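Heads up: the structure comes next, in structure tokens.
Every number in this text was worked out from the coordinates using simple rules, so none of it is lab data. Predicted model, so just to flag it, every value in this text is computed and none were measured. Virtual Cβ from ideal backbone geometry, glycine too; neighbours counted across all protein chains shown.
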Amino acid sequence: DSGVTQTPKHLITATGQRVTLRCSPRSGDLSVYWYQQSLDQGLQFLIQYYNGEERAKGNILERFSAQQFPDLHSELNLSSLELGDSALYFCASSGASGSYRTDTQYFGPGTRLTVL
Amino acid sequence: AQSVSQHNHHVILSEAASLELGCNYSYGGTVNLFWYVQYPGQHLQLLLKYFSGDPLVKGIKGFEAEFIKSKFSFNLRKPSVQWSDTAEYFCAVNAQTGGSYIPTFGRGTSLIVHP
């Protein structure tokens, strides 16, 4: 158990809908990262938040957004869903500096999203 | 943009065999390198990481990796694998882009170890 929790575990929805994925970081970690893992794209970095502020941005679509709340949990919002958004979405957290350069990331179990 | 290539998509070994998983990256600047492992039904976890210093890095469970800057490589090795090493292995690079570090993962290598 990494200490990072993600809810829900599974989500099935229809095209055009909007969903929210939730991540609670390890106690004391200030940074949260979101990743998308699909069969054709592999593991793709989406976005990083550090202590409530956006720190780094990867290949995140405009239809996707994220935020980190004062209690440090984070939510990833996916809207106007398409079939191609079906994937495993991982959250990871890290501590001290919030720099991916030095901190070890601890991954959650993921949320499997299926868009029908 | 940086990219990471893992040459072996699937590797099947017998217990006690030696393992080497290839990882090459493309990025001209300073990089930080990682190997992650995902055991069946579990979350991704860090095996080892390299930032600077000795290019031979030792990680958990007897794994090690060698950073060869001239070859842009960071291959993972283990002298004698066990059945419990069956897992998915991911190489990752993070490189500075603007003021932040962006992580890039390889596609992963699925390792099956037969008892």
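Data table
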quantity	calculated
Nonlocal amide H pairs with B:T97, under 5 Å, H built at 1.01 Å	B:I102
Taking chain B and dividing mean pair separation by its residue count, relative contact order in percent (alpha carbons under 8 Å, at least six apart)	37 percent
Highest-MSF residue in chain B out of B:P55, B:P103, B:P40 [GNM, Cα springs under 10 Å]	B:P40
Nitroxide proxy distance, nm - points 7 Å out along Cα→Cβ at A:T7 and B:E88	2.5 nm
Simple spin-label estimate for B:V11 and A:S27 in nanometres, 7 Å along Cα-Cβ	3.7 nm
Using a Förster distance of 30 Å, the FRET efficiency for B:T97-A:L116 (Cβ separation, nearest 0.05)	0.25
Hz values of 3J(HN,Hα) by residue in the range B:39-44 - Karplus curve (6.51, -1.76, 1.60), Gly and Pro given as x	6, x, x, 10, 7, 5
Label-to-label distance, nm, for residues given as B:I68 and B:S26 (7 Å Cα→Cβ offset)	1.9 nm
Count of lysine pairs in chain B with Cα separation under 17 Å (8 or more residues apart, or interchain)	6
Å³ per residue enclosed by the Cα convex hull of the range A:40-116	104 Å³
Separation of alpha-carbon centers, the range A:1-28 and the range B:6-62, rounded to whole Å	27 Å
